[in-house]
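Read the structure below first, then the notes.
The values are calculated or read from the model by the stated rules, or taken from the named source; none is laboratory data. Note that the structure is a prediction, hence the values are computed from the model and not measured. Note: ideal-geometry Cβ built from the backbone for every residue, glycine included; neighbour counts use all protein chains shown. We work out accessible area using only protein heavy atoms, side chains counted, and drop any ligands, DNA or RNA first. Shrake-Rupley method; radii C 1.70, N 1.55, O 1.52, S 1.80 Å.
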Amino acid sequence: RCTYVGSNDSETWPLATPDEFEPVPRVCRLILAVYEPDLRNPQFPPDGGYRLNPDWVLKRVTYEDTLGRSPPYLIYADHDRKEIVMAIRGLNLAKESDYKLLLDNRLGMQMFDGGYVHHGLLKSAVWLLNVESETLKRVWEETGREYQMIFVGHSLGSGVAALMTVLVVNHRDRLGGIPRSKLRCYALAPARCMSLNLAVKYADVIHSIVLQDDFLPRTATPLEDIFKSIFCLPCLLFLICLRDTFIPEGRKLKDPRRLYAPGRMYHIVERKFCRCGRFPPEVRTAIPVDGRFEHIVLSCNATSDHGIIWIEKEAEKALEASVLCLGLTFKLLSCIMDYQQWLTCWFLQIMRENKSETITVPPKIQRLERLQTIEDEHKDALERAVSLNIPHAVSTVEELTENKEMEAEAAKANNGDSPKAEPELSSRGTNWDELVEKLFKRSESGKLKLKKESNPTQIQ
C-alpha cells in the first residue's frame, strides 16, 4: 500500500476528449470568483484572469446572506456559451456554520430516492432551491429555454451541487420543464455524498473531477470524523488506509449506507510511480462501480491536490495538452492520408497505363472515436451495478419504465385531474421540502421508508 499511487485508480480508463472536459477549467474559475469581493477589481485572479463578464453576474451571495445554511455562491449567465451557472464555494475552515453542515450526518441517517445521502448537504441543497429555484426558472425562461443549467461546486459545495442536481432532475417541472439533457453538474474534489446506486444512476448528469491523490473522494470515513481530527489529518489517513486494507471489496459493495463520490469520474493524472516531478497531465474518465476510488493514497500531495487553485491550473494544462495532442494526431493522420492518396493515384495511373479494368478509389479519411459513446458507458455501468447486486441498483429498463410512469403522472395532473394542487403550489412558490418528502413513504410508526424497496432487510 505504501507504493500505491493515485494513477493506479484509473490506469485502465480511456482518455477524456477535449470537448467533454472543456468546461472544467472554466467552472473552476467561476468558483474562484466566489471568493472575490469585487470582480471588477480582483485581488487574487488566476493565471489569465477569471475570463468572465462582471455584468453577467446575476447574483452574488455571502455568508451574511446564507445565515449559515449553505456556503456562498454566485449565479452567472454566460450568454456566449448559453449557460446558466450556479457556482458554490468550498469549505471555509474558519466558519462554524460549514462544520455544522458536515457534522449533521451519521451512517444511514438520510434515505433518499432509493439510496442514502449526506443529511446536512441535502438540507443545504433543499434550502438553496427554496431560495433560488424561482430565480433560476425565471432566467431560463427569459433566455428562451435554450440555455443549459449547470451546478458546480468544490469540496463541501460539490456535495451541495450534486444533491441539488438530483432534486432538480426528479422535479424538472418546477424549473419550467427543463429537459434532463440541459442539466449538468461538475463536482470538483467531491465529497462522498450519495450511495453507490445513486452515484451510478445520475452519472449522465453529474461529473466528478479528482486531481491525482486527493484524499476526500477516497475516504469513506464520515466527514465529521475527518474534520474533528483536522490537526492530525496525516495520522488519520494512515490509520484509515490500514483499516480499509483488510475490508473485503464485497463487503463494501453490499453496504447500502456507504457513501461515494457522485457520477462520472474524471481523474487528472500528473504524477506516476518512480518519476520525479510533474509531467503534462492527462485526463481519464469512466463510470466505475467496483473499485471506485476506494484506496487512500499515502502521499504528501493528498491534501494539496484538494485545493481548487491546483485543480484549475492542472485542468487548464490538461485541456491544452489534449487539444495539442489531438491537433498533432490529426495533422499526422492528414499527412498519412495525403501520402496514401498519392500512392492510390500513382497505382491508378499505372493501372490506366496498363489498361486494366479494375478501378479503385481513395479511402475516406477516418476519424478517431472512443470505443463507446457516453450513453453506452452509462448503460453498461447500470448493468454492472445490477450484476454486482448493489443494494437498490436499477437497470436501464427499470429506470426508463420509472421515468415513463412519472411523466404519465405529470401529464395526468396537467390534464385537470387534480386542479387544486397546482394553483395552490404556484401561489406560494415551490416548497422543495415537500418535494423531497414525495420520494419517501411513511410507515405506521412514522418512519421514512424507501418508495421502492426490493429487500427491506438490507437497510435495517
Subset of segment 263-287 [open to solvent by less than 50 Å² (accessible area, probe 1.4 Å), assigned to a loop (DSSP other than H, G, I, E, B) and in contact (Cβ under 8 Å) with a residue 60 or more places away in the chain]:
G263, R271, I287
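Restricting segment 160-209 to residues that are in a helix (DSSP H, G or I) and free of Cβ contacts under 8 Å to residues at least 12 places away in the same chain, which is farthest from the chain's Cα centre (by Cα)?
Step one: filter segment 160-209 for residues in a helix (DSSP H, G or I), giving 160-170, 172-175, 180-182, 196-201.
In the following step, the residues that additionally are free of Cβ contacts under 8 Å to residues at least 12 places away in the same chain were identified as 172, 181.
Values: R172: 18, S181: 14 Å.
Of everything passing the filter in segment 160-209, R172 is farthest from the chain's Cα centre (by Cα).
Within segment 6-22, which residues are surrounded by 21 or more Cβ atoms within 10 Å (Cβ to Cβ) and of a type outside the set (F, W, Y)?
G6, D9, S10, A16
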Can we say I88 is buried (at least 18 other Cβ atoms within 10 Å of the Cβ), within 25 Å of I311 (Cα to Cα) and in contact with a Pro (Cβ under 7 Å, 6 or more places away or on another chain)?
yes
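Looking at segment 67-78, which of its residues are without any contact (Cβ under 8 Å) to a residue 60 or more places away in the chain, over 17 Å from K137 (Cβ atoms) and not aliphatic (A, V, I, L, M)? Give the steps one after another, and end with the answer.
Taking segment 67-78 first, the residues without any contact (Cβ under 8 Å) to a residue 60 or more places away in the chain are 67-69, 72, 74, 76, 78.
Cutting the leftovers down to over 17 Å from K137 (Cβ atoms) gives us 67-69, 72, 74, 78.
Matches in segment 67-78: G68, R69, P72, D78.
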Among the residues that make up segment 24-38, is at least one of them part of a loop (DSSP other than H, G, I, E, B) and under 14 Å from G157 (Cβ atoms)?
yes
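Suppose we filter G153, G120 for residues that are modelled with pLDDT of 95 or more and not hydroxyl-bearing (S, T, Y); which single one remains? Outline the logic, then answer.
Values: G120 fails: modelled with pLDDT of 95 or more.
Exactly one residue qualifies, and that residue is G153.
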One residue is enough: does segment 29-37 have a residue meeting the conditions basic (K, R) and open to solvent by less than 60 Å² (accessible area, probe 1.4 Å)?
yes
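Determine, yes or no, whether K100 is open to solvent by 20 Å² or more (accessible area, probe 1.4 Å), part of a strand (DSSP E or B) and not acidic (D, E).
On the way: open to solvent by 20 Å² or more (accessible area, probe 1.4 Å): yes; part of a strand (DSSP E or B): no; not acidic (D, E): yes.
It is false that K100 is open to solvent by 20 Å² or more (accessible area, probe 1.4 Å), part of a strand (DSSP E or B) and not acidic (D, E).
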Residues of segment 111-125 being surrounded by fewer than 20 Cβ atoms within 10 Å (Cβ to Cβ) and either over 20 Å from R89 (Cα atoms) or aliphatic (A, V, I, L, M) (or both), in sequence order, are none
In segment 178-220, which residue that is within 19 Å of H154 (Cβ to Cβ) and among the small types (G, A, S) is surrounded by the most Cβ atoms within 10 Å (Cβ to Cβ)?
A187
